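Take a look at the structure below.
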Amino acid sequence: MLNVNILSCMMMTKISLPNMLERGKGAVINISSCSGMQPAPLINIYAATKVFMDFFSRGLQVEYGSKGIIIQSVLPFFVTTKLSRIRNTSLFVLNPTQYVRSALATVGLEQRTNGCMSHSIEGWAVEKTPEWLKNKARMHISNNVRKYYLKKYANKNKK
Ligand SMILES: NC(=O)c1ccc[n+]([C@@H]2O[C@H](COP(=O)([O-])OP(=O)(O)OC[C@H]3O[C@@H](n4cnc5c(N)ncnc54)[C@H](OP(=O)(O)O)[C@@H]3O)[C@@H](O)[C@H]2O)c1
């Protein structure tokens with residue numbers, strides 16, 4: 001998790017920034033997550049890597065913004081990808097094409113974004129909700145997801 005989500009980003013930054021500096025322009029879009037906006041029990045390490053991504057990007061923007069380089073931090077909520085295992089779209093769950101089209105339109109306009117209107121509404125709600133309530137809700141959701149997968153794997157092993 002640390003290698004895939006953190007080390008790879010740092011190495012790509014090291015490879016690509018010098019060329020951008022030389023040209024005096026460039027854009028780096030780093031994908032954090034809504035899980036980096038609040039504590040995420042039971043997916044804690046994933047969430048912590050996403051906090052890294054967000055802070056790393058924001059710090060780099062301060063360091064390199066004046067040199068013509070855009071470094072954007074994107075914090076999506078749910079998108080229907082292989083990783084999320086969500087198949088059905090809705091107002092709040094976009095497909096990758098919809099999400100990327102919307103998120104790309106924010107490059108150069110927003111340094112930190114949830115990427116689309118409906119995810120920005122969710123981001124606003126997360127920021128306004130009291131910490132104790134978010135923690136309780138997240139723990140409840142994470143416990144249910146965990147129970148679902150433990151049951152699924154137990155059934156699979158029986159077969
Ligand atoms: N989808 C969401 O709801 C959501 C929400 C918030 C944040 N994000 C973030 O968005 C980013 C992109 O994910 P996605 O949702 O677009 O999913 P995706 O389409 O499934 O892409 C994930 C990518 O990560 C690669 N990958 C997964 N595990 C890996 C490993 N152990 N080593 C090397 N590569 C690995 C996959 O490679 P293969 O194709 O070879 O498997 C794939 O290219 C992720 O950083 C995720 O945290 C997604």
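The values are calculated or read from the model by the stated rules, or taken from the named source; none is laboratory data. Please read these numbers as outputs of a predicted model, since none were measured by experiment. All Cβ positions, even for glycine, are placed from backbone atoms using ideal geometry, and neighbour counts span all protein chains on display. Accessible surface is based on the protein model in full, side chains and every heavy atom, while ligands, DNA and RNA are left aside. Shrake-Rupley method; radii C 1.70, N 1.55, O 1.52, S 1.80 Å.
Any idea which residue in the range 24-51 is farthest from the ligand (Cβ to nearest atom), counting only those that are open to solvent by less than 40 Å² (accessible area, probe 1.4 Å) and part of a strand (DSSP E or B)?
Once the filter is applied, the top-ranked residue is 26.
Criterion first (within 16 Å of the chain's Cα centre (by Cα) and open to solvent by 30 Å² or more (accessible area, probe 1.4 Å)) does residue 15 satisfy it?
On the way: within 16 Å of the chain's Cα centre (by Cα): no; open to solvent by 30 Å² or more (accessible area, probe 1.4 Å): yes.
It is false that residue 15 is within 16 Å of the chain's Cα centre (by Cα) and open to solvent by 30 Å² or more (accessible area, probe 1.4 Å).
Okay, residues lined up against (1) within 13 Å of the ligand (Cβ to nearest atom); (2) open to solvent by 60 Å² or more (accessible area, probe 1.4 Å); (3) β-branched (Val, Ile, Thr):
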residue	(1), (2), (3)
79	yes, no, yes
85	yes, yes, no
89	yes, yes, yes
94	yes, no, no
97	yes, yes, yes
101	no, yes, no
106	no, no, yes
115	yes, no, no
132	no, yes, no
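Looking at the range 52-63, is at least one residue within 21 Å of residue 135 (Cα to Cα), within 16 Å of the ligand (Cβ to nearest atom), open to solvent by 20 Å² or more (accessible area, probe 1.4 Å) and part of a helix (DSSP H, G or I)? Before you say what the answer is, go through the steps one by one.
Step one: list which residues in the range 52-63 are within 21 Å of residue 135 (Cα to Cα), which gives 52, 54.
From the residues that got through so far, the ones that are within 16 Å of the ligand (Cβ to nearest atom) too are 52, 54.
Now drop any that are not open to solvent by 20 Å² or more (accessible area, probe 1.4 Å), which leaves 52.
Checking the rest, the ones that are also part of a helix (DSSP H, G or I) come to 52.
Yes: one or more hits.
Give just the number: which of (1) without any contact (Cβ under 8 Å) to a residue 60 or more places away in the chain; (2) under 19 Å from residue 32 (Cβ atoms) does residue 119 not satisfy?
(1)
What residue, of 52, 92, is among the aromatic types (Phe, Trp, Tyr), touching a residue at least 24 places away in the same chain (Cβ under 8 Å), farther than 25 Å from residue 8 by Cα and assigned by TED's automatic domain parsing to the domain that holds residue 7? Give the steps one after another, and end with the answer.
Numbers: 52 fails: farther than 25 Å from residue 8 by Cα.
After ruling out the rest, the residue left standing is 92.
Only one of (1) under 30 Å from residue 145 (Cα atoms); (2) open to solvent by 50 Å² or more (accessible area, probe 1.4 Å) is not met by residue 21, so which one is it?
Here residue 21 meets the rest and fails (1).
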